1. Give me, ordered by chain and number, the residues 5 or more places off Gly281 or on other chains with an amide H under 5 Å from its own placed amide H.
2. Which whole-Hz ³J(HN,Hα) couplings does segment 459-472 yield from phi under the Karplus relation 6.51 cos²θ - 1.76 cosθ + 1.60, θ = phi - 60°, glycine and proline marked x?
3. Mind checking Rg over Rh on segment 215-364, alpha carbons, Kirkwood formula for Rh?
4. Scan around Val198 for amide H atoms under 5 Å from its own, H built in the peptide plane at 1.01 Å from N, and keep only partners 5 or more places away or cross-chain.
5. Quick one: Cα centre-to-centre distance for segment 289-328 and segment 226-269, in angstrom?
6. Along segment 232-242, what does the Karplus equation 6.51 cos²θ - 1.76 cosθ + 1.60 (θ = phi - 60°) give for ³J(HN,Hα), rounded to whole Hz, x for Gly and Pro?
7. Could you pull out every one of the lysines with an alpha carbon less than 26 Å from that of Lys467, ignoring same-chain neighbours closer than 8 positions?
8. Within straight cross-link reach of Lys294, meaning Cα distance under 26 Å, which lysines are found once same-chain residues fewer than 8 apart are removed?
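Read the figures in this text as sums done on the coordinates, not as results from a lab. Every value quoted in this text rests on a predicted model; they were computed, and no experiment measured them.
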Amino acid sequence: MANLGMDKLASDYLLSNEEAADVALEYGVVPIIPEDKGPELHPRAVPEDMSVHPQRPPVVTIMGHVDHGKTTLLDTLRSSSITASEAGGITQHIGAFSVAMKDGQHITFLDTPGHAAFSAMRARGANATDIVVLVVAADDGVMPQTKEAIQHALDADVPIIVAINKCDKPGVDPSLIKEELLQYGVQTEDMGGDIQAVEISALKGDGVEELAENIVTLSEVLDLRAEVDIPVHATVIESQVEKGRGGVASVLVKRGTLKVGDIIVAGATWCKVRGMSDDRGRAVESAGPATAVKVMGWKDIPQAGDMALQAASEAQAKEVVGNRAEKRKNKARLASLEAMNEKRREVHVREDGERAGEKAYQTAVWEYHNGLRTTYPEKPARPTGESGSGVAEKSAAKGEDEIPVVPIVIKGDVSGTVEAVSAALKKLPSKKIRVSVLSVGVGPVSESDVAMAGSGEQGVVVAFNVKADKKTQSAAKRAGVQIMTFRIIYKLLEEVEQLMLARLPPLL
Ligand code: GDP
């Protein structure tokens, strides 16, 4: 085992977490590193009794198949008469907009239609939506993305309101759509279920106000409430770099009230709120639950889906961000160590497999020579071996010349030593010739060792710290088997290498 760069270890040396992890990995064990707590921010626990907190607007996502009218519906909602009371300013794309109803109620629409945004947010743990409006074109019916949208809503346990769109088109029959939806688990009121369905024309505006009213009704049933006076908990819904303003990100406040001057942390960055603006580009001083605002003052750009939490001070924000960066680094490091270890394990498994095959082969060779077997065994395949063994198999299959091998029988005084010699010999680098270890054994060189070496072409017995008696020596002479004896391992390797070089096929 390598010393892992720990050169000056004394017996009383205490390993750091990282060093201990390295050692564990070296032994093929993936360490569990105790979660280093460090400074971190957490959203406040949701109180059991929400009834004392004020109601908040619903947050709605519009989903449905492409071309069924999602964008048209968003545009109509944004500019419809129901928002006239809040006229003023120019529509700004900040990832969400608010619609004011006649009775003073509000609805917040996330304005990136489609499931990609919804799923991306959900994948990041940000369930920002209270209600899904499922747009189905009356002239097209349930389509692949309609089914996907239904699945997303069901998975996220978010209630659906169906908007049957393009009802202005001649000859369309909305009831067919409701029937079709039944097959996908969407049971509208007409079909005996409790899911509302509204017939609309997003293009002409028909039914859009009714749709908005239905959303408000459902949100009242859901009794959506949020604390307004706790540290802010928000979700980043969009981010971009704006010329002259640096990092800008829109957030949807979930709980608490965000104010200019507040400090928030999101993902790998933080922000001292320099200014905020709403969906009409108007500057605002504060934003309560379920409202979206564009926030200026980010040190760096957070990502959509990041949770944004209020910090008590700049110092705390810096600490938390620093700690997160450190954790990310450690995680990446551990992942790369693990990948390295996995590779190492693969090599071990392969080598073990090769060794087992080799052993079985040697046993069979021994059995053959001792009359226990009538056929000479086949050499074990080396499926993933290096040093050109794969090429050897291929050429053997084609009946062409194989890479030449030096057949070797190893004898030694200690079993550990012979294994080491065997391993070292097999590693001798050459793509043109290789060592084939026929057998490995402990004890003096015997006549059967000579016989085994003689079974290969120009076989050699390598003896380490052991000798061959006279009888064996003369048997070797007769069989043309060379017995090489050594006392020093590097000499052994050197000489075998010389032997291999000498037996290299002539260059063409
Ligand atoms: P999205 O891909 O779901 O966002 O669909 P769009 O809003 O881009 O609409 C696709 C096409 O359908 C456009 O040509 C719209 O003008 C048209 N469209 C959308 N809503 C209606 C509607 O209510 N009636 C009619 N006749 N056409 C509509």
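1. Gln92
2. Calculated HN-Hα couplings, in order: x, 10, 9, 9, 10, 10, 6, 9, 10, 10, 6, 4, 4, 5 Hz.
3. Working: Rg = 25.2 Å, Rh = 18.6 Å.
Rounded to two decimals, Rg/Rh equals 1.35.
4. Val162, Ala163, Ile164
5. After rounding, the separation between the Cα centres reads 7 Å.
6. Result, ordered by residue: 5, 10, 9, 10, 6, 10, 7, 8, 6, 8, 10 Hz.
7. Answer for Lys467, where 26 Å is the Cα cut-off: Lys359, Lys411, Lys426, Lys427, Lys477, Lys491, listed by chain and number.
8. Counting by Cα, and skipping residues close in sequence, Lys294 has these lysines nearby: Lys70, Lys102, Lys243, Lys254, Lys259, Lys272, Lys318.
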